[in-house]
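Since the structure comes first, as structure tokens, the remarks are kept for the end.
The values are calculated or read from the model by the stated rules, or taken from the named source; none is laboratory data. Here the structure is a predicted model, which means the values were calculated and not measured. Here the Cβ positions follow ideal geometry from the backbone for every residue, glycine too, while neighbour counts run over all protein chains shown.
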Amino acid sequence: MAESNSRDLPQSYCNGEGKVDSVAADYAEIIVIRHGETEWNANRRIQGHLDISLNEVGRQQAVAVGDRLSTEPKISVVYTSDLKRALETAEIIARSCGGLEVIKDPDLRERHLGDLQGVEYDEVPKVSPKAYEAFTSHRTDQEIPGGGESLDQVCQRCTSSLQKIGRKHKGERVAMVTHGGVVIALQKQASPSEHSGGKVLNAALNVFHLYDGDIWTIEVWGDINHLNKTGFLESGFVGDSISG
């Protein structure tokens with residue numbers, strides 16, 4: 001597990017207005033991006049590990065992310081969950097940034113939500129009450145019936161993945177496309193004493209710096225300035241607590 005850092009969170013963590021500068025040699029800068037919108041996001045249907053593609057809104061969001069990153073300091077590579085909604089987002093970003101390599105990593109998948117997957121969120125309590133009870137439990141080791149993961153399991157796999165990426169790319173900027181639940185797990189790992197940064201919108205950017213000793217800082221949180229021109233700022237399923 002990563003060590004928590006004791007530095008105060010920067011202003012950009014709260015307001016999403018942080019600007020990205022060049023990277024120093026003693027850390028890796030990882031731009032963690034939630035994938036673009038899917039129809040299931042829009043309809044509040046729980047995805048988990050189910051492999052749902054982007055909708056047209058999501059593709060436009062991914063284009064907006066790529067356009068933004070293409071004007072900023074160079075990105076070395078794009079890592080992504082292997083689920084379609086993340087992979088397609090990553091491929092769009094990679095093309096916009098000059099044809100970057102895209103590396104698939106199953107450890108960046110959304111949390112497996114067991115019997116909740118495929119169910120509309122409002123229907124969950126009556127369709128699968130045991131799974132809903134497990135999902136809403138405050139126990140981080142609580143697995144969800146139907147093969148679902150605990151929060152601890154999600155945190156372990158995505159934290160390990162981010163650490164490996166950070167060690168490999170020190171002094172570089174790297175993009176990583178993943179899911180709402182993973183983004184929140186990484187935030188809690190980096191700043192365990194802080195409350196959640198709030199709802200993780202589709203195509204939002206979150207910038208982590210990873211130093212030696214697995215020390216992390218969060219430099220930017222929930223930045224959606226690039227989405228202003230898309231007109232879809234109100235879109236985005238609540239991936240911080242359900243499924244992204």
* To do: Go through (1) in contact (Cβ under 8 Å) with a residue 24 or more places away in the chain; (2) within 18 Å of His226 (Cβ to Cβ) one by one and return the number of the condition Ser81 breaks.
  => (2)
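Picking from Lys130, Lys126, which residue would you name as being more than 30 Å from Val65 (Cβ to Cβ), surrounded by fewer than 17 Cβ atoms within 10 Å (Cβ to Cβ) and touching a residue at least 12 places away in the same chain (Cβ under 8 Å)? Before you say what the answer is, go through the steps one by one.
Numbers: Lys126 fails: touching a residue at least 12 places away in the same chain (Cβ under 8 Å).
Unique residue meeting the criteria: Lys130.
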* **the range 15-31 - residue that is part of a loop (DSSP other than H, G, I, E, B) and either in contact with a Ser or Thr (Cβ under 6 Å, 6 or more places away or on another chain) or not aliphatic (A, V, I, L, M) (or both) and, of those, modelled with the highest pLDDT** => Asp26
* So which of Arg68, Arg34 is basic (Lys, Arg), closer than 21 Å to Asn228 by Cα and surrounded by 23 or more Cβ atoms within 10 Å (Cβ to Cβ)? -> Arg34
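Taking the condition of being outside any loop (DSSP other than H, G, I, E, B) and farther than 26 Å from Ala131 by Cα, how many residues in the range 32-79 meet it?
Total satisfying the criteria: 19.
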* Which of the residues spanning the range 215-230 are surrounded by fewer than 16 Cβ atoms within 10 Å (Cβ to Cβ) and either among the basic types (Lys, Arg) or in contact with a strand residue (DSSP E or B) (Cβ under 6 Å, 6 or more places away or on another chain) (or both)? -> Lys229
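Yes or no, residue by residue, for (1) modelled with pLDDT under 95; (2) acidic (Asp, Glu); (3) outside any helix (DSSP H, G or I); (4) in contact with a helix residue (DSSP H, G or I) (Cβ under 8 Å, 6 or more places away or on another chain):
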{"residue": "Arg85", "(1), (2), (3), (4)": "no, no, no, yes"}
{"residue": "Ile103", "(1), (2), (3), (4)": "no, no, yes, no"}
{"residue": "Glu110", "(1), (2), (3), (4)": "no, yes, yes, yes"}
{"residue": "Val124", "(1), (2), (3), (4)": "yes, no, no, yes"}
